[in-house]
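Notes follow the structure.
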Protein chains: 2
Amino acid sequence: MKIAILGGTGSIGEGFALRWAGKHDILVCSREIDKAVNAAEEYTNILLYRGMQCCGITGCGNEKAIEEADVVVLSVPYKGVISLLQKLLPMFKDQIVISLVVPMTKNGLFEYTPPEQGSAALEIQEVLPKTVKVVSSYHNVSARKLAKLELSLDYDVVVCGDDENAKQTVMELTREIKSLRPLDGGGLASSYMIESLTPFLINLAIRNGLSDLGVKFV
Amino acid sequence: MKIAILGGTGSIGEGFALRWAGKHDILVCSREIDKAVNAAEEYTNILLYRGMQCCGITGCGNEKAIEEADVVVLSVPYKGVISLLQKLLPMFKDQIVISLVVPMTKNGLFEYTPPEQGSAALEIQEVLPKTVKVVSSYHNVSARKLAKLELSLDYDVVVCGDDENAKQTVMELTREIKSLRPLDGGGLASSYMIESLTPFLINLAIRNGLSDLGVKFV
């Protein structure tokens, strides 16, 4: 599959690129093409250094990446995501869009501040064409751990989406990352639950002197 | 400490009685005193059978138990809890009240349906005298596993409350139960987060063929 990672130069984007490289064609994208190309080169070098011969990571602009991709990973901040998608609207046909977006504000500690639709995922689905299948997932995977290939990620990943096939594809992509266990979280209407876990986990970590918290359901 | 367990004849009440017996005086309570006395006798027999000599579990009515207790565990359904507390109001002075209460409805799957205060814990704090310290916790501990003494519970327990000392007491009570790790979840305003996890966990279990799900933050 061809996977475009919007926000691909950030650490969570790096993690996905490194973890899915070799299995899929990865398009690392950014508004600034230079930045995307440099990041793709950097990730490629990391994998070459680890002995991988051909990893298929390319840097490119958002428009081209979305047009070519089967799966678009939205690893960008909530602020600005809607206007970004509105600009890129003509590029969307029937892709699977994985939303990692969490609307939260810092008010001393962090607070979940969803839009009136109830969650970022629902708002994003509303903006995109109906033929695009939004799946909500990966909000609670540690970016730092994801980018460290030597670490196995003993986390559970809850996947929410209204399109069963798209959800199954994302669950399969999750299984391809060592030790991650995908769990079916139901429809997109349940996305608020996994989105709101993010500020809750950050606050828990701050209050209890922990870091990089993920969730496991035991 | 003297711990009164409202809803003490249910399985989560049984688990707490068995796990805290011997360390604290346990008052198993119910509206029907006979039922409470029978349950206390049954729990005592379970512990005697396991070789415990004196376990200090007594059955009694709600009024007497609350009046005598340092800590009151509210392990009752959301429906009816407010009218129950209003009836028992004269018995409350300055106890710690641990709310396990989750307002949820079954609509195919389960849904979190909090009162206008934002969570059951906040509504309960509003009803009780200001001198009573409400702490919200234990919503996501499996009742079945808690009642099986041979099982260690490798769960995290998030504790929310506005009174620091009361919260610390509940965290200490949590540490007394083998393998449970208490985590400071902040003030009572954050209780909606741990309450809403309960229907989410039940739905996750149903959808993914799992059971008795608890949470671990890793």
As straight-line cross-link partners of B:K216, the qualifying lysines (C-alpha separation under 23 Å, not fewer than 8 residues apart within one chain) are A:K145, A:K148, A:K178, A:K216, B:K145, B:K148, B:K167, B:K178
Classified through the alpha carbon gyration tensor (a ≥ b ≥ c as square roots of its eigenvalues; rounded if a/c is under 1.5, else prolate when a/b is larger than b/c, else oblate), the protein assembly as shown comes out prolate
Under the 7 Å Cα-to-Cβ spin-label approximation, B:T131 and B:E42 lie apart by a distance in nanometres of 3.6 nm
Cα-based Debye curve of segment B:4-94 sampled at q = 0.16, 0.17, 0.21 Å⁻¹ gives log₁₀ I(q)/I(0) of -0.57, -0.64, -0.94
Mean other chain Cβ within 10 Å across A:199-208 is 5
With N residues in segment B:133-181, Rg(alpha-carbon) / (2.2 N^0.38 Å) equals 1.16
Note: B:211-218 gets an average of partner chain Cβ contacts (10 Å, Cβ to Cβ) equal to 6
One decimal, nm, nearest first: from B:R181 to the same residue in each other copy, label points 7 Å out along Cα→Cβ, the values are 1.6
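Quick check: from the Cα gyration tensor, does segment B:158-218 come out rounded (a/c under 1.5), prolate or oblate?
On the way: a/c = 3.31, a/b = 1.63, b/c = 2.03.
Note, shape of segment B:158-218 comes out oblate.
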Short to long, in 5 Å steps from zero, the percent of alpha-carbon pairs of segment A:2-208 per bin is 1, 8, 16, 20, 21, 17, 11, 4, 1, 0
homo-copy label distances at B:Q168 (7 angstrom along Cα-Cβ), nm, one dp, ascending, are 5.5
One decimal, nm, nearest first: from B:K23 to the same residue in each other copy, label points 7 Å out along Cα→Cβ, the values are 4.2
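First check a/c for segment A:77-192, with a ≥ b ≥ c the square roots of the eigenvalues of its C-alpha gyration tensor; if it is under 1.5, answer rounded, and if not, answer prolate when a/b is larger than b/c or oblate otherwise. Don't skip to the end; give the middle numbers.
Values: a/c = 1.70, a/b = 1.19, b/c = 1.43.
Oblate.
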Of all lysine pairs in segment A:57-139 that are eight or more residues apart or on different chains, those with Cα atoms under 14 Å apart total 5
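Across the residues of A:187-193, average count of Cβ atoms on other protein chains within 10 Å? Don't skip to the answer; put the middle values down first.
Numbers: counts 1, 0, 1, 7, 0, 3, 9.
Neighbouring Cβ atoms belonging to other protein chains average 3 per residue here.
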Counting only residues 5 or more apart in sequence or on a different chain, those whose built amide H sits under 5 Å from that of A:T113 are A:M104, A:T105
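I want the antiparallel fraction of DSSP beta bridges within the protein assembly as shown, as a percent rounded to 5.
Within the protein assembly as shown, antiparallel bridges account for around 20 percent of the total.
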Sorted on mean Cβ neighbours within 10 Å (highest first), peptides B:16-22, B:26-32 come out as B:26-32, B:16-22
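Summing +1 for each Lys or Arg and -1 for each Asp or Glu, what net charge is found among the other residues whose Cβ lies under 15 Å from the Cβ of B:P182?
Here the count lands on +1.
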For the rotation taking chain A to chain B, the chain A residue with the nearest C-beta to the axis, plus the distance in whole Å, reads A:K216, 2
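The numbers here are math on the coordinates, done by the rules we state, and not lab data. Since we're looking at a predicted model, the values are computed, not measured. Please note: Cβ atoms are built from the backbone with ideal geometry, for glycine as well, and neighbour counts cover all protein chains shown.
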